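Q: Dropping the structure in here first, questions after.
The values are calculated or read from the model by the stated rules, or taken from the named source; none is laboratory data. No experiment lies behind these values; they were computed from the predicted model shown. Please note: Cβ atoms are built from the backbone with ideal geometry, for glycine as well, and neighbour counts cover all protein chains shown.
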Amino acid sequence: MTHKLKKKITGILAVAVLICGLPFTAFAKTNSKSFSKGEIKDNKYVNEYFGYSIGAPKGYSFYDDKDLAEFNEVTEAFIKDADAVKKSIDAGEAVILAYAEGSDGYSNVNVGVSQGGAEIEKLDDKKEVYEEYVDAIKETLESMGFTVEKTGVKDEKIDGEKTYSLWSKSSIKGIDLYQKQTMFFTDDYIMTVTATTIGEDKTDDIFKEIKKLS
């Protein structure tokens with residue numbers, strides 16, 4: 001795996017970890033459709049370009065454009081501008097396109113997009129992508145002050161389709177953090193979905209809300 005690709009994916013996964021919302025410490029497919037940043041419909045994030053929707057479980061609600069812009073530390077005008085978002089991603093930035101927060105204020109699901117799909121398409125097994133970044137996730141969590149108890153790659157089925165996920169259990173100040181991430185590859189882009197729950201592992205419940213679009 002190339003260093004360039006590793007840097008790209010580490011970027012989006014690290015962002016997913018860093019923005020989990022805790023206050024304690026500061027195979028690729030070709031798509032004929034045009035790139036889309038997706039939209040929120042009926043408390044679901046829908047992205048026809050990647051071909052998936054991500055629902056918000058009971059008690060979760062998605063940020064509006066204003067909150068999402070603040071979360072990304074960009075202007076609201078930027079987050080609403082699909083061309084500007086695509087240009088930023090094409091320049092190597094990872095952008096969070098959707099974020100839903102649980103009623104506890106900490107648990108969440110977020111969706112980020114970055115580049116890298118064209119290089120990933122050359123890999124024989126996408127599991128290699130996940131295995132490359134187990135250590136990166138562990139190091140990121142530890143750098144934030146978490147004690148990492150377990151991390152690994154899991155076989156996953158999302159809406160009946162076989163894939164993989166990165167899973168971790170860590171803790172800080174006696175509070176358990178569970179996190180699971182999966183990636184979808186289309187053309188030159190990667191969409192990463194990250195589920196984070198506190199106290200109890202409910203990441204599977206969040207992943208059940210990920211559906212393929214017909």
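Q: What is the number of the single condition among (1) under 19 Å from S107 (Cβ atoms); (2) more than 13 Å from the chain's Cα centre (by Cα) that E161 does not meet?
A: Checking E161 against (1) under 19 Å from S107 (Cβ atoms); (2) more than 13 Å from the chain's Cα centre (by Cα), the one that fails is (1).
Q: Being within 16 Å of the chain's Cα centre (by Cα), modelled with pLDDT under 95 and part of a helix (DSSP H, G or I) narrows it down to one of I96, I89, so name that one. Spell out how you get there, then give the answer.
A: Details: I96 fails: part of a helix (DSSP H, G or I).
Checking each option against the conditions leaves just I89.
Q: Collect the residues in segment 120-143 that are hydroxyl-bearing (S, T, Y) and crowded, with 17+ Cβ neighbours inside 10 Å, keeping them in residue-number order. Walk me through it before giving the result.
A: Here is the first cut: in segment 120-143, the residues hydroxyl-bearing (S, T, Y) are 130, 133, 140, 143.
The answer is Y130, Y133, T140.
Q: Would you point out which residue out of T182, T151 is more than 18 Å from I210 (Cα to Cα), in contact with a helix residue (DSSP H, G or I) (Cβ under 8 Å, 6 or more places away or on another chain) and among the hydroxyl-bearing types (S, T, Y)? Write out each step before concluding.
A: Details: T182 fails: more than 18 Å from I210 (Cα to Cα).
Among T182, T151, only T151 is more than 18 Å from I210 (Cα to Cα), in contact with a helix residue (DSSP H, G or I) (Cβ under 8 Å, 6 or more places away or on another chain) and among the hydroxyl-bearing types (S, T, Y).
Quick grid of which residues meet (1) closer than 23 Å to F50 by Cβ; (2) charged (D, E, K, R):
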residue: S103; (1), (2): no, no
residue: N108; (1), (2): yes, no
residue: K126; (1), (2): yes, yes
residue: I137; (1), (2): yes, no
residue: M144; (1), (2): no, no
residue: G160; (1), (2): yes, no
residue: G174; (1), (2): no, no
residue: T192; (1), (2): yes, no
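Q: Another question about this same structure. Taking segment 145-204, which residues are assigned to a strand (DSSP E or B), more than 28 Å from G92 (Cβ to Cβ), of a type in the set (D, E, K, R) and touching a Ser or Thr at 6+ places or on another chain (Cβ under 9 Å)?
A: E149, K150, K154, D155, K157, K169, D176
Listed here are the residues, each with its yes/no results for (1) in contact with a Lys or Arg (Cβ under 9 Å, 6 or more places away or on another chain); (2) assigned to a loop (DSSP other than H, G, I, E, B); (3) farther than 16 Å from K212 by Cα.
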position: K33; (1), (2), (3): no, yes, no
position: K37; (1), (2), (3): yes, yes, yes
position: I40; (1), (2), (3): no, no, no
position: V46; (1), (2), (3): no, no, no
position: S53; (1), (2), (3): yes, no, no
position: P57; (1), (2), (3): yes, yes, yes
position: F71; (1), (2), (3): no, no, yes
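Q: Need pairs with beta-carbon distance below 7 Å; first residue farther than 15 Å from D204 by Cβ and surrounded by 14 or more Cβ atoms within 10 Å (Cβ to Cβ) and within segment 144-165, second basic (K, R) and modelled with pLDDT under 95; sequence gap 6+ or separate chains.
A: Taking only residues 6 or more apart or on different chains, the pairs are V148/K138; T151/K138; V153/K127.
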